[in-house]
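To start, the structure under review is shown below, and the notes come after it.
The values are calculated or read from the model by the stated rules, or taken from the named source; none is laboratory data. Model, not experiment: these values are computed from the prediction. Neighbour counts are summed over all protein chains in view; Cβ atoms, including those assigned to glycine, are modelled from backbone coordinates with ideal geometry.
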Amino acid sequence: MTAQDALLSVRDLTLQIAGAGTVVVNGVSFEVNPGEIVGIVGESGSGKTLAARAVMGLVPPAIRRAAGSIRFEGQEVTSMAPKRLRALRGARIGMVFQEPMTSLNPSMLLGEQLDEGLALHRKLKPAERRALILDMLRRVGLGDPERALASYPHQFSGGMRQRIMLASVMLLQPALLVADEPTTALDAVVQRDVLELMVGLTREHRTAVLMISHDLGMVARYSDRVIVMCQGEIVEQGATQDLLAGPRHPYTRKLLAAMPLRGPSRSFPADETPIVAVRDLVVDYPGRRRLLRREEGKRALHGISLQVAPRQVVAVVGGSGSGKTTLGQAIAGLVRPTGGEILFDGQPITRSETGYWNYRLNCQMVFQDPYSSLDPRMTIGGLVGEPLRFVEGMGRARKAERVREVLGEVGLGEAFAGRYPHELSGGQRQRAAIARALVRRPKFVIADEPVSALDVTVRAQILELFAGLQARHGFSCLFISHDLGVVEQVADRVVVMSEGRIVEEGTRDQIFDAPKDPYTRRLLSAVPALENAPNGGVRLLWRLDGDKAAARPPAMAEAL
Amino acid sequence: MKKHLSFSAAIGGIIIGTLLVAACCGALWTPYDPLALSFRAKLAAPSGLHWLGTDEFGRDVLSRLMAGAATSAWISLLTVTVAVSLGTVIGVFSGYVRGWADRIIMAFNDALLAFPGILLALGLLAVVGANKYGIIVALGLAYTPSVARIMRGTVLSLRELEFVSASRVIGNSEAYTMARHIMPNCIAPLTVLATSMFGWTLLAESSLSFLGLGVPPPAPTWGNMLASSRPYIAQAVWLGIFPGLCISLTLLGINLLGDAIRDRLDPRMRGTR
């Protein structure tokens, strides 16, 4: 196919930071054919978002185009007058943004927002527009579109908002849809539903899709072709199947290798005292306080029971709102349970009990967001050394030595001790956070989504580090995650939670190979299983694809 | 230190440095006795003899400004110290413990906030008496509620961050967490607040003098000099201009210096090593 036939053709696009002259996108060329789904994969800083935004003329003011051309339907976009560019945006090229919580205007009724684009680009009567909008809302799975029109965005969940966003873009039947990390902010199950919807809708209207993502597995599932970007350059592009099966560029191989693979199975003696035993744990969050009464609270956990054996890694998985984080916080002593008990080393964890200090010293936590879990005013050395102030009989020199040792273990080295958190990258910060959790050599570590804020290759490094340290020091671990791929790699046992209850639990292999509960099956169907191919490539196997239980439930009860 | 930072810091430093030198100097030596009356030289324009002119009683304006600098600076400094320390303790405590204690403290605090600061100070001055220390106590207490409010807000948002949970998981007590992790992170808003409050006090002191409740005459402060210049504004414009200029320049200097201090204290602003 020649360049004339391509819907979008980008040639040697180079973008610079105005002033500094730093090249952020370097000589990028690619094409999108009508009706084709093309994925751009890369990590943060790879320039994937800028390259895609340039297509719509939406690069930030600080970025300047240094060279290259962008042709859309045979017209040069880069030299287009602003007025014509505006006519193109929305009408011919639509865009779905990453953050559904902020991409809809919170102060406008959905009806007005959806109508905006139509009124601007189409000559239709209000009644006709309304009919179109209602049709589209029904198509994206909203139960009561009439009512949705008179609602505000905050009345919908993130997944629903992304559907509405998609509806508003697809209403205009654009020729090209640019989707910038459309589902990164959503949890695995919702992510799959939204993507299926996006692919279905665009197929119906023969809309081409340029899908930007850091998630190679996700892109691979839905795209015809994949473009891999690294540090502003395209390192490899090709048909999805070929690229996965036979990656040529080392960076593509690295990305593929970073996809989680199942770790070895380990067995544990059944008779040991569990390091943590949770019995019938109930946690309620109090309702909002009104003038004279309290609103009804929300029960986050409905009687959870669970055990973690010494040296065992137990993963807790579930979507957002499943209560998995609350469970971790309750065990860490950050949330007071309403009922039930938590035993650590066989003893209750209440402050008055004799076992309290054993628990407090030996139960540590790694938090999700390395940007807020480290005090910005303390040095890394100070932060890592802080937990040692409770270790009795350890001299100043021994403590300094321990800090050095632990910084070395997490791969940071002594040089980092004098730095502040803001001077570190996300991955380095998470290493520091792990060092801080491990400096007292605890028996038990709670890891609350420790890698979900990180890039794929960094994620793989951190997981490897964590698994290595776990094997070396033998601490038990409660690993909380929504990402089943990650869980498959690290966990010995898996506990699946939904709406504050445990729906299924078992060994890792049981859960992944023979899931019983429909919710578990839906979770599993959202992540690929990998099979290594010889030359550094992989084969993606989609689990339970023909499975009825895994499919989206027909009734979209989520609306309103 | 970064370049853009050092420039404004230098200007602020020069202004405040000059003020402090003038204040120290004014306490020991002034060109004329700031209290000496001289009816022959009354309302004299600035000249070689009296650089900044003389007032309605023939007192040298420069000498009075120098002597007043010490009083004004001292009053402002102590007032800000009183307000910031009291307000911080109340605000941080209230924000960290929450619950009933917080609600009672804040209800009381909000009630006080409902009064204009100057009115509150007037009421307090009526009780403690109009003198230098009366003003400090009155203004200090009058400004405490706003500090408490802002500190409470800062603490409320800080304590939701994960590093506060992390500190609890380590086993740190509430008091230690508050002192080690929350207080240092409050420094930025606190410096901004303290510097602007310095300005408010300088102005409030003049307002109080204007209302006749400031430092009693004949002792000079910038505020009462400004206030007493009003009837003569048509004949002797320098009487109002020079104290006014001193007040505005000081505010400028303090603001510049305050920003520089805030940036210096924040490791994030020190650039990457």
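For region A:372-388, indicate whether the set of residues that are closer than 30 Å to residue A:302 by Cα, in a loop (DSSP other than H, G, I, E, B) and assigned by TED's automatic domain parsing to the domain that holds residue A:468 is non-empty.
Here is the first cut: in region A:372-388, the residues closer than 30 Å to residue A:302 by Cα are A:372-373.
Right, trim to in a loop (DSSP other than H, G, I, E, B) and you get A:372-373.
Adding the requirement that they be assigned by TED's automatic domain parsing to the domain that holds residue A:468 leaves A:372-373.
Yes: one or more hits.
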Inset, instruction - Answer yes if at least one residue in region A:314-330 is among the β-branched types (Val, Ile, Thr), out of contact with any helix residue (DSSP H, G or I) (no Cβ under 9 Å at 6 or more places or on another chain), within 21 Å of residue A:284 (Cβ to Cβ) and touching a residue at least 12 places away in the same chain (Cβ under 8 Å), and no otherwise. - result: yes
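In this structure, is residue A:355 modelled with pLDDT under 90 and under 22 Å from residue A:517 (Cα atoms)?
Spelling it out, it is not the case that residue A:355 is modelled with pLDDT under 90 and under 22 Å from residue A:517 (Cα atoms).
Is it fair to say residue A:465 is under 24 Å from residue A:425 (Cα atoms), in the same structural domain as residue A:374 (by TED's automatic domain parsing), surrounded by fewer than 21 Cβ atoms within 10 Å (Cβ to Cβ) and free of Cβ contacts under 8 Å to residues at least 60 places away in the same chain?
Details: under 24 Å from residue A:425 (Cα atoms): yes; in the same structural domain as residue A:374 (by TED's automatic domain parsing): yes; surrounded by fewer than 21 Cβ atoms within 10 Å (Cβ to Cβ): yes; free of Cβ contacts under 8 Å to residues at least 60 places away in the same chain: yes.
The answer is yes for residue A:465.
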Inset, instruction - Any chance you could count how many residues in region A:360-395 are more than 7 Å from every other protein chain (Cβ to nearest Cβ) and modelled with pLDDT of 90 or more? - result: 12
Legend entry - Test: residue in region A:42-61 that is surrounded by 15 or more Cβ atoms within 10 Å (Cβ to Cβ) and assigned to a strand (DSSP E or B): no
Inset, instruction - Scan region B:207-232 and report the pairs whose first residue is under 17 Å from residue B:250 (Cα atoms) and whose second residue is of a type in the set (Asp, Glu), with Cβ atoms within less than 8 Å and a gap of 6+ or a chain change. - result: B:221/B:205; B:222/B:205; B:223/B:205; B:225/B:55
Legend entry - Boolean, residue A:539 is within 17 Å of residue A:260 (Cβ to Cβ) and touching a strand residue (DSSP E or B) at 6+ places or on another chain (Cβ under 8 Å): yes
Legend entry - Enumeration of residues in region A:414-431 that are within 11 Å of chain B (Cβ to nearest Cβ) and aliphatic (A, V, I, L, M): A:415, A:424
Inset, instruction - Confirm whether residue B:21 is within 30 Å of residue B:153 (Cβ to Cβ) and free of Cβ contacts under 8 Å to residues at least 60 places away in the same chain. - result: no
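When you scan region B:155-169, how many residues do you find that are within 12 Å of chain A (Cβ to nearest Cβ), more than 17 Å from residue A:379 (Cα to Cα), assigned to a helix (DSSP H, G or I) and out of contact with any strand residue (DSSP E or B) (no Cβ under 7 Å at 6 or more places or on another chain)? Step through it out loud before you land on a result.
Here is the first cut: in region B:155-169, the residues within 12 Å of chain A (Cβ to nearest Cβ) are B:157-169.
Narrowing further to those that are more than 17 Å from residue A:379 (Cα to Cα): B:157-161, B:165, B:168-169.
In the following step, the residues that additionally are assigned to a helix (DSSP H, G or I) were identified as B:157-158, B:165, B:168-169.
Add one more test, that the residue is out of contact with any strand residue (DSSP E or B) (no Cβ under 7 Å at 6 or more places or on another chain), and what stays is B:157-158, B:165, B:168.
Going through region B:155-169 one residue at a time, the tally reaches 4.
State all residues of region A:330-351 that are within 21 Å of residue A:389 (Cα to Cα), of a type outside the set (Val, Ile, Thr) and more than 9 Å from chain B (Cβ to nearest Cβ); if no residue qualifies, say none. Before the answer, list the steps.
To start, the set of residues in region A:330-351 that are within 21 Å of residue A:389 (Cα to Cα) comprises A:332-334, A:349, A:351.
Subset that is of a type outside the set (Val, Ile, Thr): A:332-334, A:351.
Result: A:351, single match.
One line per residue, one yes/no per condition, for (1) surrounded by fewer than 23 Cβ atoms within 10 Å (Cβ to Cβ); (2) out of contact with any helix residue (DSSP H, G or I) (no Cβ under 6 Å at 6 or more places or on another chain); (3) not in a loop (DSSP other than H, G, I, E, B):
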residue: B:130; (1), (2), (3): yes, yes, no
residue: B:134; (1), (2), (3): yes, no, yes
residue: B:147; (1), (2), (3): no, no, yes
residue: B:153; (1), (2), (3): yes, yes, yes
residue: B:177; (1), (2), (3): yes, no, yes
residue: B:191; (1), (2), (3): yes, no, yes
Inset, instruction - Name every residue in region B:50-73 that is farther than 14 Å from residue B:37 by Cα and assigned to a loop (DSSP other than H, G, I, E, B), in order of residue number. - result: B:51, B:52
Legend entry - Given (1) under 23 Å from the mean Cα position of the chain (by Cα); (2) polar (S, T, N, Q); (3) over 22 Å from residue B:250 (Cβ atoms), number of the condition residue B:76 does not satisfy: (3)
Inset, instruction - Quick one: count up the residues across region A:78-100 that are of a type outside the set (Asp, Glu), in a loop (DSSP other than H, G, I, E, B) and either closer than 15 Å to residue A:179 by Cα or in contact with a His (Cβ under 9 Å, 6 or more places away or on another chain) (or both). - result: 6
Legend entry - Which listed residue is without any contact (Cβ under 8 Å) to a residue 60 or more places away in the chain and either loosely packed, with under 15 Cβ neighbours inside 10 Å or within 14 Å of chain B (Cβ to nearest Cβ) (or both), from A:280, A:284, A:271: A:271
Inset, instruction - Kindly list the number of the only condition in (1) within 14 Å of another protein chain (Cβ to nearest Cβ); (2) without any contact (Cβ under 8 Å) to a residue 40 or more places away in the chain; (3) not small (Gly, Ala, Ser) that fails for residue B:264. - result: (2)
